Amino acid sequence: MTKPKKRPIIDRRRQSERQKKAEARIDEMRDKLAIDARAEELKTLNAMRDTFNDALWQCDDDRLIHDIFSLLCRVAKMSDARLIAGHPDCPEAVRDELNTRVEESRREKKDRSRKAGSDNKADA
């Protein structure tokens, strides 16, 4: 097997004006594409947000609603999960799951701080 060829290092100080302008155009096009992609993503998220409550109202499967809220709470940051659990249609079981998660997180923080405190005393 042959080794892939290494790309030469580009010395930007030695670029001609024409090369600098071409690179600037490429950067500008990349920026526009990123902005357009973000705009599309926001349109999609807004459409989902606008139809979420209607979809919940039309859903007859309580287990599906529980699973949706449970998944959202599991993947969200703790502060966002609390907001999600505050939704009027969020099942009580999901709120209980979140409260359990909050308590576990607090216990872990206490254990870590105790362990760090005992390690600091042992070092002294």
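Observations
- Per residue of the chain, the DSSP helices (runs of n ≥ 4 H) give a summed -39500 (n - 2.57) that works out to -27500 deg cm²/dmol at 222 nm.
- Legend: ranking of residues Phe52, Phe69 from fewest to most surrounding C-beta atoms inside 10 Å; resulting order Phe52, Phe69.
- Vicinal HN-Hα couplings computed from phi for the stretch 109-117 (Karplus, 6.51 cos²θ - 1.76 cosθ + 1.60; Hz; Gly/Pro x): 5, 4, 4, 5, 5, 5, 5, 5, x
- Note that the stretch 13-24 has calculated 3J(HN,Hα) couplings of 6, 9, 6, 7, 4, 4, 5, 5, 5, 5, 5, 5 Hz, one per residue in order, obtained from phi through the Karplus relation 6.51 cos²θ - 1.76 cosθ + 1.60 (θ = phi - 60°); glycine and proline are x.
- Spatially proximal lysines relative to Lys20 (Cα-Cα < 24 Å; intrachain offsets below 8 disregarded): Lys6, Lys32
- Correct option for Cα extents along the principal axes in Å [calculated from the coordinates] among [x] 64, 37, 23; [y] 65, 62, 36; [z] 97, 19, 16: [y]
- Proximal charge balance of Ala34 [Cβ under 12 Å; K/R count +1, D/E count -1]: -3
Taken together, the values in this text are just the output of simple stated rules run on the coordinates, not laboratory data. Given the structure is predicted, the values throughout are model-derived calculations rather than measurements. All Cβ positions, even for glycine, are placed from backbone atoms using ideal geometry, and neighbour counts span all protein chains on display.
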